[in-house]
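Please read the structure below before turning to the comments.
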Amino acid sequence: MQQREGFSARTLALSTAAAELGRVILRAGQSGSVRAVLLGNVLATAALVLLAVFVSWNAARLRRPGFVGNCCCAAFLFWYLWELVRTAAMIQQVCWEQFSSMAFFGLLPLLLWAGWSLGCELYDRMAAVLGAFVVLGSLFCLLGLAGQLEWQNLVMGEAGRSFALPDAFFYPEYFSFPLLCTDKNASKTSQKSALWLPVIPAIISSGYTLGLALLFGAPQGYPGYELLRAWSFGGISRFDAAFLLLWLAAAVFRLCFLVRTARLLCERLAGRPSGTADAEAAR
C-alpha cells in the first residue's frame, strides 16, 4: 500500500492556529492603540503572504537535492525543533497554571513516539475533525462574549498611542509548505491553499486583541486567560476550562505534527524518500 508523502494544507492550518491560540492566551495585555495594532497586522499579513508566494515560486530549488536544498532543509529542521520545544513549554504552562497538573511530562515520551510513528494521511484526517471542533468552540466562545462587549472602548484612551508594532509571529509552516505538501495527488491544491496560512494567525491575533479591548478597554494588562474567563451563557459560566482542554488537544496535535515533520525533514537530509520506512513497516 502506497503511503502519503506529505501533509495537506488543513493540517498546516490547524498547526498554526493551535500555536497562535496558545500565544494569545498566554500573553500579557495590550500596550498600544488597538486600531494601530489591527492595521499593523493587516500590513504584516500581506507581507507574509507575499513572502509565501515568493517561496512558492522557488519551490523547485527547495526540493532539489544539493547544497542549497540541504541547507534550507536543515534550517527548517532546526526551526521546527525549536517550535517543538516552545509548544511543549506552552502545554506544560497551561497544564500547571490552570489544572495544577504535571501529567504532560509523563505523557511526553508516548506523544513523541506517536508523533514519529503516525503516517501523514492520519494527521490530515485528524486535522479535519479537530479543526471543526476548534472552529465551533471559537464561535461558541464569541456568542458568550457578545453581550459584554463595549464598542465605545475603541475610541476611548486612543490619543497619544497611535503607534504600535504589529502583533504578528513567524511560523515555519508559512515557508516550508513546498517541502511538506508533496503528495502528487493533492500537492497543487494544498500549496495554493498554504499561501494563505498567515491569514489564520492574523485573524486569531486580531480577534483576541479586539475582544480584550472591547471587554476591558485598551491599553490594559490583562492576560489572555481573562477573555475566556469572562465568557457566560445564561446561567453557565467558566467556559475557560472547556476551551483550554480543546486547545490542549489541538496543541498536542501540533506537538505530534512537529515530531513527524522533523522526521520527514531528516529523511530528506539523509537522501531517503519520505514514507520509505512506513512502506517497509507495512510489508
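The set of residues in segment 87-110 being in contact with a helix residue (DSSP H, G or I) (Cβ under 8 Å, 6 or more places away or on another chain) and surrounded by fewer than 14 Cβ atoms within 10 Å (Cβ to Cβ) consists of Ser101, Met102, Ala103, Phe105. Number of residues in segment 127-154 that are part of a helix (DSSP H, G or I) and open to solvent by 70 Å² or more (accessible area, probe 1.4 Å) equals 11. Taking helices (runs of 4 or more DSSP H) as the structural unit, those lying wholly within segment 1-104 and holding at least 2 residues that are over 17 Å from Cys181 (Cα atoms), in contact (Cβ under 8 Å) with a residue 40 or more places away in the chain and within 21 Å of the chain's Cα centre (by Cα) correspond to 9-26, 34-57, 67-99.
The values are calculated or read from the model by the stated rules, or taken from the named source; none is laboratory data. This is a predicted model, so every value here is computed, not measured. Heads up, the Cβs are rebuilt from the backbone with ideal geometry, glycines too, and the neighbour counts pull from every protein chain shown. Remember, those area values only see protein heavy atoms, side chains included, never the ligands or the DNA or RNA. Shrake-Rupley method; radii C 1.70, N 1.55, O 1.52, S 1.80 Å.
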